[in-house]
1. Comparing R107, R134, R14, which has the greatest mean-square fluctuation in the GNM of the chain with Cα pairs linked when under 10 Å apart?
2. Using protein chains only and a probe of 1.4 angstrom, how many square angstrom of E119 are accessible, to the nearest 10?
3. Under the classification rounded if a/c is under 1.5, otherwise prolate if a/b is larger than b/c and oblate if not, where does region 9-56 fall, given a ≥ b ≥ c as square roots of the Cα gyration tensor eigenvalues?
4. Once phi is turned into ³J(HN,Hα) by the Karplus curve 6.51 cos²θ - 1.76 cosθ + 1.60 with θ = phi - 60°, what whole-Hz value does each residue of region 23-40 show in order, with x for glycine and proline?
5. Does the chain come out rounded, prolate or oblate, given a ≥ b ≥ c as the square roots of the eigenvalues of its C-alpha gyration tensor, rounded meaning a/c under 1.5 and, failing that, prolate meaning a/b above b/c?
6. Using 0.36 nm per residue, how much length does the chain from H3 to S48 gain when fully extended, once their Cα-Cα distance is taken away?
7. For q values of 0.13, 0.24, 0.31 Å⁻¹, compute log₁₀ I(q)/I(0) with the Debye formula on a Cα-only model of region 60-101, without solvent.
8. Express in nm, to one decimal, how much length is gained between V85 and V108 on full extension, taking 0.36 nm for each residue of separation and deducting their alpha carbon distance.
Amino acid sequence: MSHFSTVKTKLANRECLVQALQDLKLNPQVHETAQPLKGYYGGFQGQSAEIIVSGRTIQARADIGFKWNQTSGVYDVIHDSYETVPKLGQDFFSNKLMLAYGKHLVRVKAAELQEKFGECAIAEETSGTVQTLRLTFAGHQEVQQYVRR
């Protein structure tokens, strides 16, 4: 039976989340206040979210929502797995979305660290299914020597 489920996440940065969804070609709609989500049966089933991926985007009948959870300080995903899993895959939220989100979050954190450590270069490496982002700060090469007594 089709219904909305709410899933806890670690997604806390709004801009990184929106950029990750855009990278995945999901064209999110971003709202200041929560808007109703369209359900499987075409109507609104009492769920709402600030960031919405229209079901039409993935050729599904139900929307995907990302609702800010004030208590936990992260976004919850509201989706109908009956619709999303066949279209996006079983591991979409835990793997594909988190990978895209992580890339943007690393870049945001690198920008914050640049003020402290100087210019930063980011190198991407992919080896099979493992993807690595390496940060190199030009102005920070600290060497410490310790004398054993």
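1. R134
2. Only protein atoms counted, so the area is about 120 Å².
3. Prolate, since a/c reaches 1.5 and a/b exceeds b/c.
4. 4, 8, 6, 9, 6, x, 9, 10, 10, 6, 10, 4, 10, x, 9, 7, x, 3
5. Numbers: a/c = 2.79, a/b = 2.31, b/c = 1.21.
Verdict is prolate for the chain.
6. Contour length minus Cα-Cα distance gives 14.8 nm.
7. Reported log10 I(q)/I(0), two decimals: -0.31, -0.90, -1.10.
8. On the way: separation 23, 0.36 × 23 = 8.28 nm, distance 2.98 nm.
Contour length minus the Cα-Cα distance gives 5.3 nm.
The values are calculated or read from the model by the stated rules, or taken from the named source; none is laboratory data. Everything numeric in this text was worked out from a predicted model, so none of it was measured. What goes into the accessible areas is simple: the full protein's heavy atoms, side chains included, and nothing from ligands, DNA or RNA. Shrake-Rupley method; radii C 1.70, N 1.55, O 1.52, S 1.80 Å.
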